[in-house]
Amino acid sequence: MRQHANQSMEEFVYEQIKSAILNRKIPLKTQLGEEQLAEAFKVSRTPIRSALKRLQYEKMVQILPNKGAVINQPTQKEIEEVFHLRTILEVDAVKRACQMASEDQLKELESLTYVEEELYKDGEYGRAIEVTSAFHQGLIRLSGNELIEKYSQELINITNIHLAYHDSAKKESPLCPSEHRSIINAIRKKDEQEAVSKFLEHFTTVRKHLESDKDVNAVDFTEVFKPFSDSKEKKGKM
């Protein structure tokens, strides 16, 4: 967890909090207090506040009046609506891809499936979710509709939060990469019916592995971000 030389503190804090959320290191319902996070990162509240606002824009957290920031928790109804909308948008994208997608575009999407596969196997669940998102966003991009692409990203972000905390599928042998490749293979054959069928099967699998809320335990941000906290303390003593 090292900060790159050309990376701003705000960017670094944003990436680390987002990674911690997607890797389930921060339980749901935990208050993301600016003071506690600032202490964990050994920084002022300014980069913390900016990072939380960015995560709020991406639907990763909610900033509530008089309560501060918490991880966004879409209701079951909202999740149903999100999956419904995503199905409509991405089925349309799959159909268009069968007509319009070039082999280069399909190879680019296919390459993402191997990256996500390795990340899942290595236990990098948060990063794997981001690559999976890139795959679905790439699928949407094949529709050629920039407005659909813009709004679908918000839907994907909401889905990611729910998957991060409720996906009960085995992470060491995920189905997503192989299912993604089956969609690509059907598109490559320009078989619209098979491509849509494979996509719907994939979404059915994803939804099948969602489970209900679990108990929430307290979290110590200093421990969650301990490697960075320790490095800052060592620098201060030098």
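The values are calculated or read from the model by the stated rules, or taken from the named source; none is laboratory data. All values derive from a computational prediction rather than experimental measurement. Positions of Cβ are generated from backbone atoms using ideal geometry, with glycine treated the same way; all protein chains shown enter the neighbour counts. Note: accessible area is taken over every heavy atom of the protein model, side chains too, but ligands, DNA and RNA are not part of it. Shrake-Rupley method; radii C 1.70, N 1.55, O 1.52, S 1.80 Å.
Here Arg24 passes the criteria (1) exposed (fewer than 14 other Cβ atoms within 10 Å of the Cβ); (2) part of a loop (DSSP other than H, G, I, E, B) except the one numbered (1).
If I ask for residues that are among the hydroxyl-bearing types (Ser, Thr, Tyr) and either in contact with a Leu (Cβ under 9 Å, 6 or more places away or on another chain) or at pLDDT 90 or above (or both), which ones from segment 1-51 would you list?
Scanning segment 1-51 gives Tyr14, Ser44, Thr46, Ser50.
Residues that are modelled with pLDDT of 90 or more and open to solvent by 70 Å² or more (accessible area, probe 1.4 Å), at least 3 per element: which helices (runs of 4 or more DSSP H) completely within segment 53-163 meet that?
Result: 76-100, 103-121.
Residues checked against (1) out of contact with any Pro (no Cβ under 6 Å at 6 or more places or on another chain); (2) free of Cβ contacts under 8 Å to residues at least 60 places away in the same chain; (3) farther than 30 Å from Asp191 by Cβ:
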| position | (1), (2), (3) |
| --- | --- |
| Ala51 | yes, yes, yes |
| Gln62 | yes, yes, yes |
| Ile71 | yes, no, yes |
| Asp92 | yes, yes, no |
| Lys95 | yes, no, no |
| Val115 | yes, yes, no |
| Asp122 | yes, yes, yes |
| Val131 | yes, yes, no |
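In segment 147-159, the residues that are on the phi < 0 side of the Ramachandran plot form Cβ pairs under 8 Å with partners that are buried (at least 17 other Cβ atoms within 10 Å of the Cβ) and of a type in the set (Val, Ile, Thr), at six or more places apart or across chains, as follows: Ile148/Ile140; Glu149/Ile140; Ser152/Ile140; Leu155/Val82; Ile158/Ile79; Ile158/Val82; Thr159/Ile79; Thr159/Val82. Within segment 164-183, restricting attention to residues that are over 15 Å from Cys98 (Cα atoms) and at pLDDT 90 or above, the residue that is least open to solvent (accessible area, probe 1.4 Å) is Pro177.
Here Glu34 clears all of (1) surrounded by 14 or more Cβ atoms within 10 Å (Cβ to Cβ); (2) more than 20 Å from Leu210 (Cβ to Cβ); (3) in contact (Cβ under 8 Å) with a residue 40 or more places away in the chain except the condition numbered (3). In summary, Val13 fulfils each of the numbered conditions (1) part of a helix (DSSP H, G or I); (2) in contact (Cβ under 8 Å) with a residue 40 or more places away in the chain; (3) open to solvent by less than 70 Å² (accessible area, probe 1.4 Å) with the single exception of condition (2).
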